[in-house]
Amino acid sequence: MLRAVGIVRVSQPKGRKGEKFVSPKEQREAIVRFCADKGWRITDDDIYDELKVSGDAPLEDRPGLSRAVSAVLTNAADVIVGAYSERLWWSHEVRAQVLRLVQEAGGEVWAVDAGLLSDGTAAEDFSAEVRTSADRFSRRQNAEKSRRAVEDAVARGVCPFADVPPGLALDEDNRVIHTGKLPIALSAFELRDEEATIKEVRRFLKERGIDRSYHGVQSMLGNRLYIGEIHFGSLVNRKAHKPAIPRDLFNRVQKKKATRGRRAKSDRLLARLGVLRCGTCGARMVVGTQTQNGRSYPFYRCPPVGDCERRVTIGAVIAEDVIVEATKRRAHEVKGEASAKDDARADAEVAEQAQANLDAAIRAFGGLEDESAAVDRLAELARVRDEAVAKANHSNDLTSALTIDVDDWDDLSVSGRRALIRATIEEATVSPTGKGAGRITVHAFGE
């Protein structure tokens, strides 16, 4: 009994209609019936879904088809089956690659609607070329028709999308209409015009039943649907419908987004290291400054964007003292371990072996890696190599950093101190509860 693998491909699994669309379920059922009629063995796990994948994509961007080809090459399967030839490919290049690889391995490719797909003879090759060209023509023709339909829709003031901001909605013809929440949206624009922060506007909206993220509010305040315009890619209609927000108000709000220019980089010790983390949301903490009675007080805080439920703040001096002490302690411990350099050498050897394994696999496939015939195996070997190299690099950074005498910390430059912190401290989490240094939990590498 021959073993079969199936390919189910849909470029857009949602919102598709018409006789040209065949759902993943329908394709799967057709493949199973076809294999049963042929007496071939196939299970649900042997049918690979490619959802949101174009039939014109190269083989390396076809995860299901690459996996199916690999199954034939490794003798795990004998036949590749698609419900329709156009579900398998639209590309002449991919068709030629797959048929050559599968046929050389003694396998076959079938489509329920077209039967055996082969280029073994001149007639078969010609037939396959014609069918692929026909599928490609159909696809491009449909795309052109869709493009013209979208262009016509935008020109008529019809939205080719469903997502509209608060206060607006789409009628049954997909034209923009105003809703009862428009006064709330208008008030949000007026608040922003009166120098309210995005955070304050967001709170105002939430209190009135419109709950959006920080960035969602920014996007809302910049949505040009409010002033009667439709923008869809390169398509623009500036008089698509009745404006909901006065254009002069909308334009003033856009100017509020002007930046103050690039801020100078902070010279605080932990700035940009990324080791200090918010204990609530896990975000990297950033430097801030508060001024009281003419004095400046630096601190580290959870970034003022995102949706952290309980933002964490801690004094800069407290956090830096904790990290410095943990760095000194860990540096002494590692430096005193006779195995430190041995571990670094061992990690380097593992990385070299991982690279050698990947190189050997590429040579063994004889160039087939460019055609993704063994994409799964090569990807796995590459992942192992990358992890080994990352570990070896860290070990090397650590041993290099330990050449610095940690007892001379006060004489080190800021960059030298940061290098030692990077090499020894993996993460330091600041809890939203507790007091002082007790709020910080430090995790060093190797602990």
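Every residue in segment 71-95 that is surrounded by fewer than 24 Cβ atoms within 10 Å (Cβ to Cβ), closer than 12 Å to Ile7 by Cβ and more than 29 Å from the chain's Cα centre (by Cα), please.
Result: Val79, Tyr84, Ser85.
Pairs under 9 Å by beta carbon, first residue under 22 Å from Asp56 (Cα atoms) and exposed (fewer than 13 other Cβ atoms within 10 Å of the Cβ) in segment 139-167, partner modelled with pLDDT of 60 or more and hydrophobic (A, V, I, L, M, F, W, C), six or more apart or different chains?
Listed pairs, sorted by first residue: Arg140/Trp90.
Where the second residue is surrounded by 18 or more Cβ atoms within 10 Å (Cβ to Cβ) and assigned to a loop (DSSP other than H, G, I, E, B) and the first is in contact (Cβ under 8 Å) with a residue 60 or more places away in the chain and lies in segment 45-69, which pairs have Cβ atoms under 6 Å and are six or more apart or on separate chains?
Partner pairs satisfying both residue conditions: Gly55/Trp89; Gly55/Trp90; Asp56/Trp90; Asp56/Ser91; Leu59/Ser372; Glu60/Ser372; Ser66/Ser372; Val69/Ala373.
Here is a check on your reading of the model: is Val158 within 24 Å of Ala30 (Cα to Cα), at pLDDT 85 or above and outside the structural domain of Leu225 (by TED's automatic domain parsing)?
Criteria not met by Val158.
Name every residue in segment 199-221 that is surrounded by fewer than 19 Cβ atoms within 10 Å (Cβ to Cβ) and not in a loop (DSSP other than H, G, I, E, B), in order of residue number.
Correct list: Lys199, Glu200, Arg203, Phe204, Lys206, Glu207, Tyr214, His215, Gly216, Gln218, Ser219.
Can you pull out the residues in segment 227-247 that are closer than 28 Å to Arg148 by Cβ and in a helix (DSSP H, G or I)? Explain how you work it out, then say what you get.
Narrowing segment 227-247 to residues closer than 28 Å to Arg148 by Cβ: 227-243.
Of everything in segment 227-247, just one residue is closer than 28 Å to Arg148 by Cβ and in a helix (DSSP H, G or I), namely Ile227.
For residues in segment 168-194 being assigned to a loop (DSSP other than H, G, I, E, B) and touching a residue at least 12 places away in the same chain (Cβ under 8 Å), which is farthest from Val305 (Cα to Cα)?
Per the criteria, the residue is Asp173.
The values are calculated or read from the model by the stated rules, or taken from the named source; none is laboratory data. Bear in mind the structure is a predicted one, so any value in this text is a computation, not a measurement. All Cβ positions, even for glycine, are placed from backbone atoms using ideal geometry, and neighbour counts span all protein chains on display.
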